[in-house]
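Following: one structure in structure tokens, then a few remarks.
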Amino acid sequence: MTRGEFPYLREIQTRWADNDVYGHVNNVVYYAYFDTLINRYLIEEGGLDIQLDHAIAVCVESQCTYKRSISFPDVVQAGLRVTKLGRTSVTYQIGIFRGEDPCAEGSFVHVFVERATRKPTPIPPAIRDALERIAAAPR
């Protein structure tokens, strides 16, 4: 996994509160990084209105593999790409990097649902277009 494999990259400044008693960013914080990165992309690039849109994305699965520790005050890069795009769901791959060094690799699955009923609904067109822009080429 390299930074170049991710078409969407954003900087994340670790916070003092991210460290645990062992002096590194606690494992649960990585999931917050993933969620923040993905939703930032959906809002900025897909036009998602988290307060008003009829369709919302809920996480149904997430996973993380830790490769190297990071700790405050590290500044890391978070990379995002889509590995699978369905009618109502999307699978993302996330990479966390310090410089060129991969520190964590994760996956995250969103299912789009109607806000009111929580029943699956097709991914809205503007969001689908944004997701297609960061889709990984099939291997």
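The values are calculated or read from the model by the stated rules, or taken from the named source; none is laboratory data. On a predicted model such as this, the values are computed, not experimentally measured, just so you know. Cβ atoms come from the backbone with ideal geometry, glycine included; neighbour counts cover every protein chain shown.
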A careful count of residues in region 67-88 that are surrounded by fewer than 17 Cβ atoms within 10 Å (Cβ to Cβ) and part of a strand (DSSP E or B) gives 4
Of the residues in region 4-28 that are more than 24 Å from V111 (Cβ to Cβ) and buried (at least 16 other Cβ atoms within 10 Å of the Cβ), the one that is nearest to the chain's Cα centre (by Cα) is I12
Considering each residue of region 24-54, count those that are touching a helix residue (DSSP H, G or I) at 6+ places or on another chain (Cβ under 6 Å) and free of Cβ contacts under 8 Å to residues at least 40 places away in the same chain, and give that number.
1
List every residue pair whose Cβ atoms lie under 6 Å apart, where the two residues are 6 or more positions apart in sequence or sit on different chains, the first residue falls within region 86-109 and is closer than 22 Å to I127 by Cβ, and the second residue, located anywhere, is basic (K, R) and part of a strand (DSSP E or B).
T91/K84; Q93/R81
Within the bounds of region 9-28, is there any residue that is within 21 Å of A136 (Cα to Cα) and not acidic (D, E)?
yes
Show the residue pairs meeting these rules: Cβ distance below 7 Å; 6+ apart or different chains; first residue within region 1-23 and over 30 Å from E132 (Cβ atoms); second residue acidic (D, E) and surrounded by 13 or more Cβ atoms within 10 Å (Cβ to Cβ).
T14/D74
Every residue from region 8-28 that is part of a strand (DSSP E or B) and of a type in the set (D, E, K, R)
R10, E11
Search result, residues across region 97-121 that are crowded, with 19+ Cβ neighbours inside 10 Å and under 11 Å from the mean Cα position of the chain (by Cα)
G106, F108, H110
Residue by residue through region 36-66, note down the ones that are surrounded by 15 or more Cβ atoms within 10 Å (Cβ to Cβ), of a type outside the set (A, V, I, L, M) and in a loop (DSSP other than H, G, I, E, B).
D53
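Going by what's in this entry, would I94 be described as modelled with pLDDT of 95 or more, under 17 Å from the mean Cα position of the chain (by Cα) and assigned to a loop (DSSP other than H, G, I, E, B)? It would help to see each step written out before you state the result.
On the way: modelled with pLDDT of 95 or more: yes; under 17 Å from the mean Cα position of the chain (by Cα): yes; assigned to a loop (DSSP other than H, G, I, E, B): no.
Considered against the rule, which asks whether it is modelled with pLDDT of 95 or more, under 17 Å from the mean Cα position of the chain (by Cα) and assigned to a loop (DSSP other than H, G, I, E, B), I94 comes out as no.
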Kindly establish whether E132 is touching a Ser or Thr at 6+ places or on another chain (Cβ under 6 Å) and at pLDDT 95 or above.
no
